[in-house]
Amino acid sequence: NGRGDIVATNATMDRFAEILSRQMDLPVVNQTGLQGVFNLKLQWTPEKARPAAPADGAGTEGPSIFTAIQEQLGLRLHAQKVPIEVLVIDHAEKPSVN
């Protein structure tokens, strides 16, 4: 339906950051300092589903993921450079027959 939707039950902020990373195809790192588990619901309109410019000038599409996170959850995505873990596979071979 062109909508982005996340419903997370008993999720930590680290887990929520992982889910956001998959939705955005970018790394998201939890720096909230919030402990415990949360029930979260987030709805937005993905960038690829947004019209370039509405014909009548009235924005009928839903919020971007950045706006939705701030308005619906009171959180903010902030771009910055931080170290992250990365798994690099530099070589792979088929197993040999015994």
Would segment 6-16 turn up any residue that is open to solvent by less than 90 Å² (accessible area, probe 1.4 Å) and in contact (Cβ under 8 Å) with a residue 40 or more places away in the chain? no
Restricting attention to segment 25-47, does a residue exist that is loosely packed, with under 11 Cβ neighbours inside 10 Å, of a type in the set (S, T, N, Q) and part of a strand (DSSP E or B)? yes
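Among the residues of segment 61-79 satisfying the criterion of being in a loop (DSSP other than H, G, I, E, B) and open to solvent by 100 Å² or more (accessible area, probe 1.4 Å), which is modelled with the highest pLDDT?
First, pick out the residues of segment 61-79 that are in a loop (DSSP other than H, G, I, E, B): 61-64, 74-79.
Going one step further and asking which of them are open to solvent by 100 Å² or more (accessible area, probe 1.4 Å), we end up with 76, 78.
Working: Arg76: 94, His78: 89.
Here the residue is Arg76.
The values are calculated or read from the model by the stated rules, or taken from the named source; none is laboratory data. Nothing here was measured: the structure is a model prediction, and the numbers come from that model. For neighbour counting, all protein chains shown are included, and Cβ atoms are generated from backbone atoms with ideal geometry for every residue, glycine included. Note: areas computed on protein heavy atoms with side chains; ligands, DNA, RNA excluded. Shrake-Rupley method; radii C 1.70, N 1.55, O 1.52, S 1.80 Å.
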